[in-house]
1. In the stretch 1-101, what trypsin sites (Lys or Arg not before Pro) fall in a loop by DSSP, with at most 12 other Cβ atoms inside 10 Å?
2. In whole Hz, what ³J(HN,Hα) sequence does the stretch 96-103 give by Karplus (6.51, -1.76, 1.60; θ = phi - 60°), x for Gly and Pro?
3. Residue by residue, what Karplus-based ³J(HN,Hα) values in Hz, rounded to whole numbers, does the stretch 75-83 have, using 6.51, -1.76 and 1.60 with θ = phi - 60° and x for Gly and Pro?
4. Enter the per residue convex hull volume of the chain, computed from alpha-carbon coordinates, in Å³ rounded to the nearest integer.
5. Report, by chain and number, residues whose modeled amide H sits under 5 Å from the one on Gln29, excluding near sequence neighbours (fewer than 5 apart, same chain).
6. In what sequence do Phe24, Phe87 fall when counting other Cβ within 10 Å, fewest first?
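Laboratory data are not the source of any read-out in this text; all were calculated from the coordinates shown. No experiment lies behind these values; they were computed from the predicted model shown. So basically every Cβ, Gly included, is an ideal-geometry build from the backbone, and we count neighbours across all protein chains shown.
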Amino acid sequence: MHDKAFTPYGWPEPGPLYLAPTSFLDFDQPEVARFVHDATAGATTQREQAVRLFFAVRDQVRYEPYTMRMTPECFRASTVVRERGAFCIPKAVLLAAGARLLGIPAAIGLSDVVNHFSTPRMQQIMGNREIFMHHGWAALFLEGKWVKAVPAFNKELCSLMRVPPTDFDGEHDAVLQQYKEDGSVHMEYLRDHGVWSDVPYLRIDEDWGGYYPASLWSGKRSRIDVEDL
């Protein structure tokens with residue numbers, strides 16, 4: 001079992017736990033390293049590297065909410081690189097893992113949100129829940145401060161939804177837009193649940209298991225090999 005730090009309020013000190021590989025943030029896997037090196041080739045500063053990595057995760061990995069699997073494998077950065085499709089938490093995991101490979105301290109954050117643009121199919125699968133529990137994002141420590149970065153929605157999807165894609169400059173928070181292009185409300189952040197040095201898999205599993213219907217997983221839910229997570 002590896003150590004895991006949880007900061008319920010504010011920001012943690014960017015120590016070794018926020019730079020280490022884990023079973024989820026597995027940047028020591030060759031496919032993750034290749035993805036990061038290709039994405040950041042030519043960048044000369046950590047801020048520039050972080051920005052390029054953000055856009056690579058945002059646009060080279062499709063947002064795929066219908067492929068959600070509550071299994072440890074689904075939440076690993078290496079799985080995201082191989083499948084090139086994931087929902088918000090695994091995409092944040094890949095961003096955080098890549099940042100650590102570059103020497104940038106990184107953490108995983110969770111928030112509850114209301115997404116006003118959701119398909120009838122997704123609403124039905126989610127049991128008509130209005131609140132999306134545990135929306136995932138990455139926290140990156142750049143130039144002496146933590147910033148939030150949400151690489152969830154790729155630009156093609158944003159174009160279809162008529163929502164401006166989330167941009168990131170390495171200095172300001174990059175969260176999903178509150179408004180669509182026509183001015184209607186798109187996304188509301190309700191509350192943050194804090195930040196972790198690694199994916200809080202068991203908490204997510206327990207909370208989602210009690211909140212969402214079993215239909216969300218389409219039978220793809222397992223607690224195998226989670227004792228040390």
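1. Arg84
2. After applying 6.51 cos²θ - 1.76 cosθ + 1.60, I find 5, 4, x, 4, 4, 4, 7, x Hz.
3. Working through the residues one at a time gives 8, 8, 4, 5, 5, 4, 5, 5, 8 Hz.
4. Numbers: hull volume 26.8 nm³, N = 229.
That works out to 117 Å³ per residue.
5. Here the answer is none, since no amide H 5 or more places off falls under 5 Å of that of Gln29.
6. Phe87, Phe24
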